[in-house]
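Beneath this line is the structure, given in structure tokens, with notes to follow.
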Amino acid sequence: MTVMSYRQAINETLRAEMQRDDRVFLIGEEIGVFEGSYKITAGLLEEFGEQRVRDTPISEEGFTGAAIGAAMLGLRPVVELMTINFSLLALDQIVNHAAKIHGMFGGQRSVPMVIRTPGGGGQQLGATHSQNVELYYAFVPGLKVVAPSNPADAKALLLAAIRDDDPVLFLENLSLYNTRGDVPDDDVPAEIGRAAVTRPGSDLTVIGYSRMASLGLAVAEELAAREGIDAEVIDLRSLRPLDRETIVRSVRKTHAAVVLEDDWLTYGIGAEIAATISDGAFDQLDAPVRRVAMAEVPLPYAKSLESAALPSAGDVETAIRQTLAAVGRLR
């Protein structure tokens, strides 16, 4: 194990995969000379050169389409979109081409590419630069969507994404880049579509992904230490495919659930999880599924308003307490 940051885990994984497989190349805005807006690609241009670390014009649709073509011809591009907000400019390429080519060509062509992109609020970047719009992609057949919450999963899921023969959207939350944790020294990829039970428990199930999986775990550990509340925490890790089996198995055991997401409540990922629980564990539920999400507003720029709009540790704790009170388990 080596302790490193989320940012470093991604950087070192990109380097290792480029060393391992000369079909892997990087493409995106300012990823070469500038080393990326968040320094994820630091040092890679110097090591691998301009053919494999390709700076592009400001044209998300253009360079995403170029990467799709390269993937169809046997390369394994890793696209960096400066922010998931800008992925909307490449929506046609991602949804109508990358996701559909394998099926429309009768399996004769694959699109083995990764689209890395950060999102999330809390950085005072304004409403158009602070969104999590993974829902746009998680419901599209033909795409895989992963969202690591810690450095170890950032490495393992990126390994899996680069080696996968399908297009994978790799979601990074801006608030996670400086977080640190143990990362295995091996190069074993994660299984895309497999959630992780990051904390076993019996009182209720807390389900989240990306930043909210990390926040949910922190709140659960604090409540356990302070009050003996025993929450089971599930980190989804993958939004498509979704590990419904792990979710349902946990809720059948704990009989209650709180779902966390760093996005708007209406039509959100949390709604799909709640439907999954209703379908697979309805008779085992002792209380309605509670959901924690951000306020349904374009995210404000002012720090005080931005903080108020985003889901917080206090919001998570309140939802846990309300759920336990409803089933008579609040100690």
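Odds and ends about this structure:
- Positive contributions from Lys and Arg (+1) and negative ones from Asp and Glu (-1), summed over other residues with Cβ under 15 Å from the Cβ of P148, come out at -1.
- When DSSP beta bridges are restricted to pairs lying wholly in region 197-331, around 15% turn out antiparallel.
- For region 1-148: rounded, prolate or oblate by the Cα gyration tensor [a/c cutoff 1.5]: oblate
- Accessible surface ranking that places the most exposed of Y6, Y136 first, with a 1.4 angstrom probe: Y136, Y6
- Partner lysines for K39 [C-alpha distance under 30 Å; skip if fewer than 8 residues away on the same chain]: K144, K155, K303
- Antiparallel %, DSSP beta bridges [both residues in the chain], to 5: 20
- Each listed q (0.16, 0.17, 0.27 Å⁻¹) maps to a log10 I(q)/I(0) for region 76-128 from the Debye sum over equal C-alpha point scatterers, namely -0.57, -0.62, -1.08.
- Most fluctuating residue given options V316, V95, V146, as computed from a GNM of the chain linking Cα atoms under 10 Å: V95
- About the centre of its Cα atoms, the chain shows a dipole size close to 460 debye [charges on the beta carbon of Lys, Arg (+1) and Asp, Glu (-1) only; nearest 20 debye].
- Accessible area of I27 (1.4 Å probe, protein heavy atoms only, ligands and nucleic acids ignored): about 10 Å².
- For the residues K155, K253, K39, a 1.4 Å probe over the protein chains yields an accessible-area ranking, largest first, of K253, K39, K155.
- The calculated Kirkwood hydrodynamic radius for region 96-173 is 13.6 Å, given to one decimal from all distinct C-alpha pairs.
- Built from the Cα atoms of region 122-278, the convex hull projects on average onto 10.1 nm², one quarter of its surface area.
- Taking a ≥ b ≥ c as the square roots of the eigenvalues of the alpha-carbon gyration tensor, region 226-317 is classed prolate because a/c is 1.5 or more and a/b outweighs b/c.
- Across the chain, the relative contact order, built from alpha-carbon pairs under 8 Å that are at least six residues apart, equals 16 percent.
The values are calculated or read from the model by the stated rules, or taken from the named source; none is laboratory data. These figures come from a predicted structure and were not determined experimentally. Reconstructed Cβ throughout: ideal geometry from the backbone, glycine too, with neighbour counts over all protein chains shown. Note: areas computed on protein heavy atoms with side chains; ligands, DNA, RNA excluded. Shrake-Rupley method; radii C 1.70, N 1.55, O 1.52, S 1.80 Å.
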